[in-house]
């Protein structure tokens with residue numbers, strides 16, 4: 001059994017033993033129902049100043065931090081029907097979200113111009129739940145929010161507090177202390193296109209202060225048969241390997257795009273001092289996601305299934321009245337099922353298998369020291385160890401009982417050994433941040449983090465900020481932050497391509513190859529932002545955030561000159577990941593909230609955002625291109641109308657302008673011709689769209705214990721597309737789902 005598997009089993013066994021070491025009794029506390037009367041009795045200002053921890057690692061209000069941070073409460077999650085983190089992220093200011101476009105992560109997104117999940121740190125109760133070694137991971141239905149007390153979204157580089165790679169920002173899902181768990185509840189739902197879902201949460205508490213929460217979700221959907229709605233995009237064509245027809249058009253399969261996800265969450269608290277937690281999430285999609293029929297087969301058994309496990313423990317202590325601390329230990333593992341299989345033009349329409357593994361073990365000691373009435377110091381030291389495997393397209397499933405260098409495979413149609421790459425690296429970190437409240441109107445923050453990476457050396461990342469409360473209506477914030485993102489295993493190790501058995505000068509000829517690049521440099525990101533928070537009345541809040549960001553040594557896909565990367569072969573026009581000149585972007589996000597009372601029976605909330613961004617990227621060719629997968633302007637608005645506490649109606653509009661995709665225009669005189677070329681410094685654009693969603697809830701059914709929900713996505717059945725890839729083998733306008741609906745019942749026990 002490999003070293004990393006043995007370690008994983010030991011940690012899981014120890015965790016399960018700890019979780020099962022005490023007998024617990026059921027405890028019923030607050031209702032899962034939204035208490036509308038209580039909710040509406042709060043002013044918008046009180047809701048705005050709900051305590052947060054993500055901006056500074058200590059509990060404070062949003063007004064006290066110089067960060068641009070959005071906080072979404074449990075009631076808002078429920079009424080706006082953010083079933084998962086993807087739903088919430090899509091509705092956030094400054095976020096471009098393209099659904100169902102990539103097989104390895106399913107959804108593509110950009111946060112204020114920063115592209116992809118590898119630049120965004122996703123946490124659960126302050127513990128990372130993304131890719132353990134950095135890189136892409138699915139942010140989709142798998143990250144359900146049934147357990148969330150609130151979600152905190154911190155924009156911009158936050159490396160000084162949360163790690164060198166916190167480039168685009170931090171999302172932290174906060175769960176309830178187990179002792180405060182709500183009554184047990186369950187939810188089931190069914191909808192169009194074979195959609196089914198279920199979730200539950202329950203809690204128990206013992207007399208000795210030991211409390212336990214557990215919850216989970218399961219979801220599956222056949223999704224729409226897109227060939228019936230976008231017929232020209234899914235015309236059946238011959239599946240060809242070179243000039244040879246592997247499957248004729250008449251025998252081609254219909255489009256398929258089904259998905260499945262599930263998760264399990266458990267948290268145990270012993271008083272306020274000790275917390276143990278476990279979180280597993282699984283996502284399964286087809287490896288043909290985002291690919292047209294000419295380049296992929298839509299086979300139900302060609303799946304990409306990612307399972308991520310995270311186990312963590314936290315111990316909190318007070319050394320004296322002014323000095324407290326928290327010790328955090330966590331272990332995470334993300335694994336792609338070894339049976340993950342492709343059947344596409346990259347392997348001549350034969351089955352090819354892939355395997356991905358990432359592991360992380362981390363320990364961090366944090367301290368919170370109140371020097372005096374003005375100054376507070378937050379500091380910590382940490383150690384992280386990572387391990388990763390990235391395979392090429394394999395002729396058979398990866399054998400997890402053998403190491404990466406012991407698989408013994410040959411490249412198909414050759415006698416050449418197939419190289420599989422793995423990596424092990426460590427990081428030691430230390431940080432300190434001084435927060436000073438000089439008076440009731442002015443405060444400052446200054447922080448610094450030092451990381452020592454075994455592969456990439458030392459990185460220093462500062463963070464500086466200030467808050468000025470001019471008066472009760474106007475609050476001004478300024479923030480500067482830096483981040484350092486080491487290349488992910490997917491970028492530095494991954495390789496793929498195809499051999500058809502032919503030779504050139506006695507060497508096997510390989511095509512469509514990406515070769516590894518072990519000499520990548522880390523990306524360095526810098527962002528400065530200014531935030532104006534205006535509150536003209538108790539029930540209105542308007543926020544403006546303007547920012548300038550820059551990335552140096554940006555990692556992009558480039559042409560490679562290493563045509564002899566595989567001994568015994570010659571590669572035709574291979575690609576690799578390389579460091580480009582950089583990327584810059586300037587943007588503005590406006591966000592508004594309004595809490596209103598129409599009459600004694602009707603009340604509601606309105607939330608909205610408008611975003612503008614302009615940016616350029618130099619991919620190493622000296623030409624400044626528009627940044628990909630970003631719309632220059634976006635508008636999002638939603639409102640909840642409540643009739644007493646019996647009915648809630650929440651319409652939502654998502655409007656996005658024309659969005660750049662990865663392809664480049666062949667010539668500025670031919671704006672509709674989109675091919676991979678370096679002639680014109682413009683990218684192709686996917687046409688903008690407006691989509692309306694509607695959510696209706698009937699509350700206090702079945703003796704006040706149940707709520708019936710009707711969720712309609714794409715209410716007006718709009719045919720629209722998401723911006724997508726840069727290569728000729730993918731859609732660059734990915735057809736999106738037609739109107740769908742889900743009817744679900746929540747029941748409190």
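Read-outs: derived from the displayed coordinates by stated rules, not from any lab. Computed from a predicted model, the values in this text were never measured in an experiment. Virtual Cβ from ideal backbone geometry, glycine too; neighbours counted across all protein chains shown.
Testing the spin-label approximation: label points 7 Å from Cα along Cα→Cβ at residue 530 and residue 705. State their distance in nm.
Result: 5.7 nm between the two label points.
Rounded to the nearest 0.05, what FRET efficiency is calculated for residue 327 and residue 521 with R0 set to 30 Å and r the Cβ-Cβ distance?
0.35
Rounded to the nearest 5, what % of the DSSP beta bridges within the chain are antiparallel ones?
95
In nanometres, what is the gap between the two model label sites at residue 250 and residue 598, each 7 Å from Cα along Cα-to-Cβ?
6.0
Each label point is 7 Å from the Cα along the Cα-to-Cβ direction; what then is the distance between the points at residue 61 and residue 437, in nm?
Placing both labels 7 Å beyond Cα along the Cβ direction yields 1.0 nm.
What is the list of residues in the range 508-541 whose amide nitrogen lies under 15 Å from a point 7 angstrom out from the Cα of residue 476, following Cα to Cβ?
529-535
Can you give the relative contact order of the range 521-629 as a percent, counting alpha carbon pairs under 8 Å and 6+ residues apart? Provide the component values of the computation, followed by the final result.
Values: 229 pairs, mean separation 25.8, N = 109.
24 percent.
So how far, in whole Å, is the C-alpha centre of the range 169-200 from the one of the range 577-645?
After rounding, the separation between the Cα centres reads 26 Å.
Place the peptides 318-330, 258-270 in order of packing, highest mean first, counting for every residue the other Cβ atoms within 10 Å and averaging per peptide.
Ranked by mean Cβ neighbours within 10 Å, highest first: 258-270, 318-330.
Order these peptides, 189-200, 301-312, 131-142, by their mean beta-carbon neighbour count within 10 angstrom, highest first.
Packing proxy ranking, top to bottom: 131-142, 301-312, 189-200.
Could you list 237, 170 so that the one with the fewest beta carbons within 10 Å of its beta carbon is first and the one with the most is last?
Ordered from fewest to most neighbouring Cβ atoms within 10 Å, 237, 170 come out as 237, 170.
Which option, (1) 55, 29, 22; (2) 47, 29, 25; (3) 40, 30, 28, is the value of semi-axes √(5λ) of the Cα gyration tensor in Å that was calculated from these coordinates?
It is the value labelled (3).
By how many nm would the segment from residue 49 to residue 698 grow when fully extended, if each residue of separation counts as 0.36 nm and the alpha-carbon distance is taken off?
Numbers: separation 649, 0.36 × 649 = 233.64 nm, distance 2.91 nm.
Here the answer is 230.7 nm.
Does the range 79-208 come out rounded, prolate or oblate, given a ≥ b ≥ c as the square roots of the eigenvalues of its C-alpha gyration tensor, rounded meaning a/c under 1.5 and, failing that, prolate meaning a/b above b/c?
Numbers: a/c = 2.17, a/b = 1.26, b/c = 1.73.
It comes out oblate by the Cα gyration axes.
Can you tell me the order of 706-717, 96-107 when each peptide is scored by its average per-residue count of other Cβ atoms within 10 angstrom, highest first?
The densest-packed peptide leads the list: 96-107, 706-717.
Taking 0.36 nm per intervening residue step and subtracting the Cα-Cα distance, what contour gain separates residue 573 from residue 193 on full extension?
Extra length available between residue 573 and residue 193 comes to 132.6 nm.
Give me the percent relative contact order of the chain, please, defined on Cα pairs under 8 angstrom at least 6 residues apart. Walk me through the numbers before you get to the answer.
Values: 2129 pairs, mean separation 82.9, N = 749.
Rounded, it is 11 percent for the chain.
From Cα pairs below 8 angstrom and at least 6 apart in sequence, can you work out the relative contact order of the range 393-471, rounded to a whole percent?
21 percent.
Grab the Cα-Cα distance for residue 231 and residue 690, subtract it from 0.36 nm times how many residues apart they are, and report the gain in nm with one decimal.
So the extension gain works out to 163.1 nm.
Provide the FRET efficiency to the nearest 0.05 for the residue 206-residue 367 pair, computing r from the beta carbons and using R0 = 25 Å.
Computed FRET efficiency for residue 206 and residue 367 comes out at 0.20.
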